[in-house]
Every structure is written in C-alpha cells, then in structure tokens.
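*Asks:* Below are the structure tokens for one structure; questions will follow.
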Amino acid sequence: MEHRPKPSKDKHRTAETERKSLQNGTKGNVSEGESLAEVIATVLKEFREIIGSVKQELISQMSDLRNSIQGSIDILTVSVSSMQGRISAAEQRISDVEDTV
C-alpha cells in the first residue's frame, strides 16, 4: 500500500494568494514585513552557527581520539620492547643450554 501525503488543511490559500506572496517575497510562515531574503539570511546565519558548533565538537572528539590512539601506541611500544627483552633472554638461555650439552 502506497503512502500518500494528506492534502493541505489550508483551504483558504488560493493560487492568487500564493502568487501574491511570491511576488512580495513572502511565503509560508514568514511575517508580513519580512522579506524572503531576510528569512534566508537568518536561516543561513543559524545554519552557520550550527555548523560551527558541530565543527568544534568534531575537533574536540578528534583530539581526544588522537590522544587515545597515541596512548595505545605508547603502551604497545613498551609491550614490544618488553617482549623483545624476554625473547633475547630466552635465546640466551637456549644458547647457554646448547653450549653445556
């Protein structure tokens, strides 16, 4: 079953009213004295503020992620060094045992 949007409940809005609102630069919920350009400017300003906020949050999260990754790399580096030391010690013991046999 296909979902279709319900027709607009605004039965008083005629094609003539629509045409006049477009000519005057007003549309929909725009107040009478406010031009479409003013509405667009306001929306763009708000949009830029939202983008700026999201950008700052992403930068913060990326910084946290970078620090977390660097911490993990440091831990792995220490672990690898420790393993290399143990491997060297084990190889030395094997060599000592081979020399005594």
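The values are calculated or read from the model by the stated rules, or taken from the named source; none is laboratory data. This structure is a prediction, so every number in the text was calculated from the model and none was measured. Quick reminder, even Gly has a Cβ in these numbers, built from the backbone with ideal geometry, and neighbours come from all protein chains shown.
*Asks:* For segment 79-91, does any single residue satisfy the condition of being under 34 Å from the mean Cα position of the chain (by Cα) and at pLDDT 95 or above?
*Replies:* yes
*Asks:* Would you confirm whether or not segment 34-44 contains a residue that is in contact with a helix residue (DSSP H, G or I) (Cβ under 6 Å, 6 or more places away or on another chain) and part of a loop (DSSP other than H, G, I, E, B)? Before the answer, list the steps.
*Replies:* Restricting attention to segment 34-44, the residues satisfying the condition of being in contact with a helix residue (DSSP H, G or I) (Cβ under 6 Å, 6 or more places away or on another chain) are none.
No, that holds for no residue.
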